[in-house]
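To start, the structure itself, in structure tokens.
The values are calculated or read from the model by the stated rules, or taken from the named source; none is laboratory data. Predicted model, so just to flag it, every value in this text is computed and none were measured. Glycine also receives a Cβ, built like all others from the backbone with ideal geometry; neighbour counts cover every protein chain displayed. Areas reflect the complete protein model, heavy atoms only, side chains present, ligands, DNA and RNA absent. Shrake-Rupley method; radii C 1.70, N 1.55, O 1.52, S 1.80 Å.
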Amino acid sequence: MRALVVLTIVLAPGVAVAQRAPQTPASCETLASLSLPNAAITQAQLVNAGGFTPPANPAGRGGGGSSALAGTLGAVPDVPGRVTANTAGLGLGYNGGRGVPPFSALPAFCRVAATLKPSASSDIRMEVWMPIAGWNGHFRGTSPNGLGGVINYNAMGVGLSDGFAVAGTDTGHQGGGTEWMQIPDKVTDFAGRAMHETTVAGKALAAAYYRRPPKYSYMIECGGGSAAALHEVQKYPADYNGVVVGGHAAHLTRQIFGQLWLWTAAHPDGAAVLPAAKLAVLHEAVLAKCDTLDGVRDKLLENPLRCAFDPRTIECPSGDGPACLTTAQVDAARKIYAGPTNPRTHERIWPPLYPGSELDWSFFTDAPAPIGIATSTLRDAILKDPSWDYRTGPFDFDRDVTLADRSDIARVNASNPDISAYARRGGKLVLSGGWNNALVPAGAVLDYYNRVESTIGAENTRRSVRLYMVPGMIECNGGPGTDTFDMLAVMREWVERGRAPKSVIASRVERGTVVRTRPLCPYPETATYIGSGSTDDAAHFVCK
């Protein structure tokens with residue numbers, strides 16, 4: 001098997017396209033006097049190599065129970081598995097597996113902090129980090145995970161280490177509370193304006209510092225940050241040249257009902273019925289039926305939509321047993337595979353989870369309460385009732401969903417499929433999702449891609465958009481699939497050299513070694529084994 005150093009060569013072509021030209025930056029401190037619309041610069045200082053210390057996080061770190069990143073440190077997991085607080089939202093796999101550099105390893109940079117106030121109630125905190133040496137000539141914007149409330153210093157460190165002038169925002173509020181959802185201006189900031197204002201100010205600061213504007217601008221986001229990235233594409237088409245979106249947590253007001261449905265299904269009458277051991281039984285039954293549908297026995301489903309599995313087939317004849325499911329467990333699993341529907345109209349509210357994802361259901365089957373993002377959004381943004389509690393006020397998948405669809409509430413969603421203005425300007429969009437994702441089902445990104453194609457047409461979609469589904473991957477990295485690939489490098493080739501992406505080689509890395517490679521294929525194509533050669537080598541697969 002190839003060593004990790006080979007992975008770096010294969011998955012980091014962005015190094016080849018970097019445009020590192022000598023430049024003499026202006027003095028960092030002079031940027032403190034720069035006048036920018038709607039902005040008050042609060043800090044402009046040189047940070048020596050390895051000298052950055054993150055400020056204390058606001059209480060709660062991330063909005064509504066999110067795992068938003070704010071200066072967290074920790075090793076990237078050796079073996080792909082559950083997304084950790086250190087990696088959620090950043091999508092390490094999307095960055096070629098290069099990981100989060102410790103702050104002690106960051107190069108010297110000019111750090112500028114500002115507060116943005118595009119409206120009377122706005123309080124947007126932002127920072128721009130610009131490398132003193134080795135600027136690649138480009139700009140990168142970043143957003144926090146979950147419901148925001150922090151600046152994602154980890155993502156900023158990744159962008160800085162890659163040579164970008166990088167800007168980050170807290171999306172217009174601080175800390176983990178969600179009371180801001182009842183303030184219209186702050187909702188507007190969260191719904192894209194904060195990222196846009198940060199982008200405009202960030203580019204202006206970079207132009208002043210380097211004495212020339214950035215040539216190309218990029219975003220690469222996964223999880224909660226995907227909404228900020230898609231708001232840019234949909235509302236501010238001139239801001240970015242290339243945007244990569246994974247995880248697709250971009251339709252918040254429907255996504256939360258999917259998450260509430262999953263917890264409710266796994267907790268009939270409030271009691272958990274699907275222990276981890278039974279998730280393993282369910283998963284093995286799925287693999288026994290569907291693993292070889294793609295021609296390869298590898299414990300992965302290349303396309304779970306082809307798997308017709310009914311958990312009733314492994315129901316215990318009576319009582320319970322270690323290798324079967326009780327009637328209550330079968331009912332719970334069937335509800336999860338079916339997904340949430342309106343009990344009155346039978347409308348599908350949100351996509352279901354797909355066969356193959358069972359081991360990751362523990363996100364909600366093991367949880368003593370529904371995910372915090374869902375309950376806090378329902379309480380503060382939709383019901384607007386600070387006294388509401390899920391333990392005393394049951395979820396209403398008819399009335400509450402209808403209320404959430406109101407335009408004044410649903411504007412937080414980045415779900416508009418009309419990206420024609422972005423496409424006309426030559427903007428490129430790469431969408432991606434893990435088939436095993438239990439937090440945001442893969443169907444969310446599939447639905448969005450199909451709606452984009454229906455709205456702007458197949459030819460415009462072909463010129464501007466690609467979708468890559470990742471077998472076995474969960475939210476942003478992790479799971480049993482090939483979850484390491486460099487979508488930013490792919491995007492830069494497309495934007496800077498006009499080389500439209502085809503298949504993308506992805507790797508599974510265990511303890512620093514590449515143990516499997518597979519091609520990720522542009523949807524609707526899938527990786528197909530040619531019938532000979534190692535099934536752990538991408539060279540023996542074609543997209544069709």
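Do the conditions hold for E453, that is, is it crowded, with 24+ Cβ neighbours inside 10 Å and acidic (D, E)? Criteria not met by E453.
Scanning segment 128-150 for residues that are modelled with pLDDT of 95 or more and open to solvent by 10 Å² or more (accessible area, probe 1.4 Å) yields I132, A133, G134.
Filtering segment 181-209 to residues that are open to solvent by less than 40 Å² (accessible area, probe 1.4 Å) and touching a strand residue (DSSP E or B) at 6+ places or on another chain (Cβ under 7 Å) leaves D189, A194, M195, E197, T198, T199, A201, G202, L205, A206, Y209.
When D269 is tested against the conditions (1) modelled with pLDDT of 95 or more; (2) assigned to a helix (DSSP H, G or I), the lone failure is (1). Among the residues of segment 504-523, those that are in a loop (DSSP other than H, G, I, E, B) and farther than 16 Å from G96 by Cβ comprise R511, C521, Y523. Considering the conditions (1) of a type in the set (D, E); (2) more than 20 Å from the chain's Cα centre (by Cα); (3) open to solvent by less than 10 Å² (accessible area, probe 1.4 Å), D170 is excluded by exactly one of them, (2). Note on segment 463-490: among residues that are within 18 Å of Y448 (Cβ to Cβ) and either surrounded by fewer than 22 Cβ atoms within 10 Å (Cβ to Cβ) or of a type in the set (A, V, I, L, M, F, W, C) (or both), the one that is nearest to the chain's Cα centre (by Cα) is C476.
Considering (1) small (G, A, S); (2) touching a helix residue (DSSP H, G or I) at 6+ places or on another chain (Cβ under 9 Å); (3) at pLDDT 95 or above, the lone condition that A458 does not fulfil carries the number (2). Of the listed requirements (1) open to solvent by less than 20 Å² (accessible area, probe 1.4 Å); (2) within 26 Å of A328 (Cα to Cα), L300 misses just one: (2). Every residue in segment 444-484 that is part of a helix (DSSP H, G or I), among the small types (G, A, S) and over 29 Å from R297 (Cα atoms), please. Once the filter is applied, which keeps residues that are part of a helix (DSSP H, G or I), among the small types (G, A, S) and over 29 Å from R297 (Cα atoms), segment 444-484 yields S454, A458, S464.
Checking the condition touching a Gly at 6+ places or on another chain (Cβ under 9 Å), in a helix (DSSP H, G or I) and under 30 Å from S27 (Cβ atoms), which residue from M219, M195 passes?
Answer to the check: M195.
Regarding L230, is this residue within 28 Å of I349 (Cα to Cα) and either of a type in the set (F, W, Y) or open to solvent by less than 10 Å² (accessible area, probe 1.4 Å) (or both)? So L230 fits the description; yes.
Residues that are open to solvent by less than 30 Å² (accessible area, probe 1.4 Å) and hydroxyl-bearing (S, T, Y) occur at least once in segment 377-396. Scanning segment 86-109 for residues that are in a helix (DSSP H, G or I), closer than 20 Å to S226 by Cβ and modelled with pLDDT of 70 or more gives a single hit, Y94. Taking only pairs six or more apart or across chains, which ones have beta-carbon atoms under 8 Å, a first residue in segment 379-406 that is closer than 25 Å to H346 by Cα, and a second residue that is part of a helix (DSSP H, G or I) and among the acidic types (D, E)? Note: pairs meeting the criteria are I382/D400; L383/D400.
For segment 210-226, name all the residues that are under 17 Å from M126 (Cα atoms) and surrounded by fewer than 23 Cβ atoms within 10 Å (Cβ to Cβ). Hits for segment 210-226: nothing passes. Within the set P184, P118, P131, P144, the sole residue that is of a type outside the set (S, T, Y) and within 22 Å of the chain's Cα centre (by Cα) turns out to be P144. For segment 524-544, the set of residues classified as touching a Phe, Trp or Tyr at 6+ places or on another chain (Cβ under 7 Å), among the aliphatic types (A, V, I, L, M), outside any loop (DSSP other than H, G, I, E, B) and open to solvent by 50 Å² or more (accessible area, probe 1.4 Å) is empty. Checked against the criterion of being open to solvent by 10 Å² or more (accessible area, probe 1.4 Å), more than 29 Å from T482 (Cβ to Cβ) and among the polar types (S, T, N, Q), segment 248-255 contains not a single residue that satisfies it.
Within segment 165-179, can one find any residue that is in a helix (DSSP H, G or I) and not acidic (D, E)? The answer is no; no qualifying residue exists. The set of residues from segment 427-447 being out of contact with any helix residue (DSSP H, G or I) (no Cβ under 8 Å at 6 or more places or on another chain) and not aliphatic (A, V, I, L, M) comprises G443, D447.
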